[in-house]
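Report on one structure; see the data block that follows.
The values are calculated or read from the model by the stated rules, or taken from the named source; none is laboratory data. What you see is a predicted model, and the numbers here were worked out from it, not measured in a lab. Cβ placement follows ideal geometry from the backbone for every residue including glycine, while neighbour counts extend to all protein chains displayed. Heads up: the accessible areas ignore ligands, DNA and RNA and are worked out on the full protein's heavy atoms, side chains in. Shrake-Rupley method; radii C 1.70, N 1.55, O 1.52, S 1.80 Å.
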Amino acid sequence: MNDTHEQPPPPDWRVLAVGGASGTGKTTVSRALARRFAVPVVEVDDIVEALLAVTRPEHLPEVHIWRTHPEAALQAPESVVERQIAIARALAPAVEAVVANHVDTDTPVIVEGDYLLPDLVRSMDGVRAVLVHEDDEAQVTANYLAREPEAGPQEHRARVSVLYGRWLADRARTLGVPVVAPRPWRDLPHRVGRAIDAHALS
């Protein structure tokens, strides 16, 4: 019996990195793109959990910070952002190892997460990146409330997200990585796809 389902064309990248701060829609768009290209998604959060399981705080203090110092998440938003940047930089070698493995084994994958640095595209061929950035604190607050209604409005967390997102977006633009606004939601996967294609041609 013939298979009537058409297989999607293979992507012209081995790793697509979808970065952005928390609450911006990057996970949702990553899953949509994964269905489009028929590839799996690797979440940086899973890499974090693996490292937490096999290291001690003295080995990777930045990665363990939220567990060893939970009160740090309640500090001034600017201080929290500085910690997030430090965590992202500490995680970079682990993320790059996962990316390199997929490039070397020719197994396409989408990698997404808050701690994904735009610098990843400079490190190896076969990698594309895009950053999803929402600059409206009220919108991020609404996103959190829709996703986690039991927590109530999370204005502090939303402020942290926007500030961290701005830092990521500035870094991305410096490196020539496309930055895409998440709204309107309905065509976000299409706009991300176009941004990736345009970046490949630039």
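A few comments on the model shown:
- The one condition in (1) in contact (Cβ under 8 Å) with a residue 60 or more places away in the chain; (2) in contact with a helix residue (DSSP H, G or I) (Cβ under 6 Å, 6 or more places away or on another chain) that Leu120 fails to fulfil: (2)
- From the options Glu58, Glu71, residue that is of a type outside the set (Lys, Arg), in a loop (DSSP other than H, G, I, E, B), farther than 28 Å from Arg128 by Cα and without any contact (Cβ under 8 Å) to a residue 12 or more places away in the chain: Glu58
- One residue from Glu112, Glu148 being out of contact with any Pro (no Cβ under 8 Å at 6 or more places or on another chain), of a type outside the set (A, V, I, L, M, F, W, C), without any contact (Cβ under 8 Å) to a residue 24 or more places away in the chain and open to solvent by less than 50 Å² (accessible area, probe 1.4 Å): Glu148
- Meeting the requirement of 1 or more residues that are within 17 Å of the chain's Cα centre (by Cα) and under 23 Å from Glu49 (Cβ atoms), the helices (runs of 4 or more DSSP H) wholly within the range 89-202 are 120-123, 137-147, 155-175.
- Residue in the range 8-21 that is in contact with a Phe, Trp or Tyr (Cβ under 7 Å, 6 or more places away or on another chain) and open to solvent by less than 10 Å² (accessible area, probe 1.4 Å) present: yes
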